[in-house]
Amino acid sequence: MKTICKIAIVVLAGLHLIKAVATINATMAIFVVSIVVLLSGLVIMSKGFKKATIVFLAIGTAMLFQSSQPLSVWILAVNAMTNIIAVLVIMQTFSIPIKMGEYNIAIGYWLHKYFKKEGTLFLFTTISTHIFTSFLMFGSIPLMFSLMENTLKGHVGDYKRFMATAISRGFAFASLWAPGAITVLLMVQTVGVTWSEIFVPGIILSIIGFVISYLIEMKFNLSVNTKYNEIDNKVLYSEKCDQGRAFHIIWVVLSLILFNIILEKLHIGSSSNRITLAVAIVVLLWTLQFIKNPNLKTTLRNYWKNDVLKTADLAPFFIAMGIFFIGLEHSSFIGVIQFSLQNFTNTWGLLSIVIIPLLIIVCSIFGIHPFITIVLFGKIFTLLQLPITPVTIALCLALGGTISYMVSPFAGIIMIIAKFLDARTVDVAIHWNWLFSLIYFWVGIIFAYFWGQF
């Protein structure tokens, strides 16, 4: 069943790539392959995701049956979020050139050369996590621990808090702008904005987050005047080689952004398919550098054997979410929520902007994933008559999702970080991130409103 699921997932990604460059109707093919992904994935996915998938699949199916939708709507529902699966599959291929070129050593180069104090090291760790997350997503977390753990443990004032706050914030900020970030894809699809419309404000919000985070940790936690110990001198570094790797990583991120902009200007594919195509182009060009490397075949085999299955949990989940999303769109339930929220916005006017990210954050604290609430509230708020622009709505949704990743004890990133640090999730999410999140929330709200006015 694993093999069937892997083949179906790869074929699904391939269909979306073809759809981005060719004027063919792949709707029925995507529908059939998606059904195979859903059925085979339900058999092998983990219990937590399986329960969530079955719940949303059941609710979405019930809503579609209740509203007596035709076959065309059912096909639309199954296909609705398969583009996100395609992006996830293609993003996983970044692991191939990363492993081939040992680009993790690039971090070691910058670490040794420029960062000697705890304060600047905190900023470096946050930004490094952010850069790797922009194309590795969840893969950036174990990578950062493997790179920084031996260097920092015992040499910074509060190692657990240092790593938890730097990595969680660096990771979360990428969800504001990174082309492959699921939050960005959901905003583009739900609100109807383009990636280029939220890229610049997303980058600015990230920079604002870096500054606030650094200032808070400088004020309360970091021993900014204490140099950390040097790494073991027995480890030898080729400065020229490591510097080259470091700049390669920067070029990869810039290339990903550039290809997205070019494809959008040329009107190639839809917003989400352009992202898939841009990622595929960058990965292909990067991997071709190692075409003569004898280890390439082994790395490709490992990718097929292990990395493709990393999307086996999320693929059926997003298909179920797509069915739920379309079912909700055609149900009477959305009208009831819309009516209530419209009355709220009529009463509070511009202040109702606060409710958009707040609902996402509150729901996440009670265990409802931001993926779900961004789709749900994004669709509802887009249909309301609000005194704000779609870009402001999208930025508020992104802000809510970003803070949710940091303050929800149920968030995947928080659980992973807590496991690596042997810490409590409530410490990582609440005790260490609440002050930053509170300040960032209000600064982000103000920024989102004024940016939308331009």
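Bear in mind these aren't lab numbers, they're just calculated from the coordinates by the rules spelled out. Everything numeric here is computed off the predicted structure, so don't read it as measured data. FYI the Cβ positions are ideal-geometry reconstructions off the backbone, even for glycines, and counts take in every protein chain you see.
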> Hey, if you put +1 on the Cβ of every Lys and Arg and -1 on every Asp and Glu Cβ in the chain, which of ALA181, LEU15, ASN302 ends up farthest toward the positive end of that dipole?
Replying inline: ASN302
> Put +1 on the Cβ of each Lys and Arg and -1 on the Cβ of each Asp and Glu in the chain; which of PRO370, PHE317, LEU397 then has its Cα farthest toward the positive end of the dipole?
Replying inline: PHE317
>> Using the crude model of +1 on Lys and Arg Cβ and -1 on Asp and Glu Cβ, and no other charge, please compute the dipole size for region 263-358 relative to its Cα centre, in debye to 20.
In response: 600
> Length gain on complete extension for the stretch VAL55 to TRP348, per 0.36 nm per residue less the alpha carbon to alpha carbon distance?
Replying inline: 102.1 nm
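Taking a 22 Å limit on the Cα-Cα distance, which of the listed pairs LYS6/LYS419; LYS19/LYS310; LYS117/LYS219; LYS6/LYS50; LYS117/LYS160; LYS47/LYS160 fall beyond it? Walk me through the numbers before you get to the answer.
Values: LYS6/LYS419 28 Å; LYS19/LYS310 24 Å; LYS117/LYS219 15 Å; LYS6/LYS50 17 Å; LYS117/LYS160 17 Å; LYS47/LYS160 29 Å.
Those over the limit are LYS6/LYS419; LYS19/LYS310; LYS47/LYS160.
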> Taking square-rooted eigenvalues a ≥ b ≥ c of the alpha carbon gyration tensor, is region 386-454 rounded, prolate or oblate, where a/c under 1.5 means rounded and, failing that, a/b exceeding b/c means prolate?
Replying inline: prolate
>> Which order do the peptides 278-291, 58-71, 392-405 come out in when sorted by mean C-beta neighbours inside 10 angstrom, highest first?
In response: 392-405, 278-291, 58-71
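What does the helix-only formula give at 222 nm for the chain: each DSSP H stretch with n ≥ 4 adding -39500 (n - 2.57), the total divided by the residues, and the result rounded to the nearest 500 deg cm²/dmol? Don't skip to the answer; put the middle values down first.
Details: 22 runs with 335 residues, N = 454.
Value at 222 nm, helices only, nearest 500: -24000 deg cm²/dmol.
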> When only alpha-carbon atoms count, how far does region 334-405 stretch along each of its three principal axes, as whole angstroms with the largest first?
Replying inline: 30, 24, 17
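Calculate the FRET efficiency for THR120 and ILE365 from the Cβ-Cβ distance with a Förster distance of 30 Å, rounded to the nearest 0.05. Write down the numbers at each step before the final one.
Numbers: r = 33 Å, r/R0 = 1.09.
Step by step, r from the Cβ atoms, then E = 0.40.
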> Please state the relative contact order of the chain as a whole percent: Cα pairs under 8 Å, 6+ residues apart?
Replying inline: 26
> What FRET efficiency, computed as 1/(1 + (r/R0)^6) with R0 = 60 Å and r the Cβ-Cβ distance, is obtained for LYS297 and ILE337, rounded to the nearest 0.05?
Replying inline: 0.70
> Magnitude of the Cβ-charge dipole of the chain, K/R +1 and D/E -1, about the Cα centre, nearest 20 debye?
Replying inline: 840
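For region 2-94, report the % of Cα-Cα distances exceeding 15 Å. Don't skip to the answer; put the middle values down first.
Values: 2744 of 4278 pairs.
Beyond 15 Å sits 64 percent of the P(r) for region 2-94.
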> Among MET1, ILE445, ILE84, which residue has its Cα positioned farthest towards the positive end of the charge dipole of the chain, with +1 placed on the Cβ of Lys and Arg, -1 on the Cβ of Asp and Glu, and the dipole taken about the Cα centre?
Replying inline: MET1
> Roughly speaking, what is the stretch gain from GLN453 to ILE250, that is 0.36 nm per residue apart minus the C-alpha to C-alpha distance, in nm to one decimal?
Replying inline: 69.9 nm
>> Along the Cα→Cβ direction, 7 angstrom out, place labels at ILE446 and LYS47. What is the inter-label distance in nm?
In response: 4.7
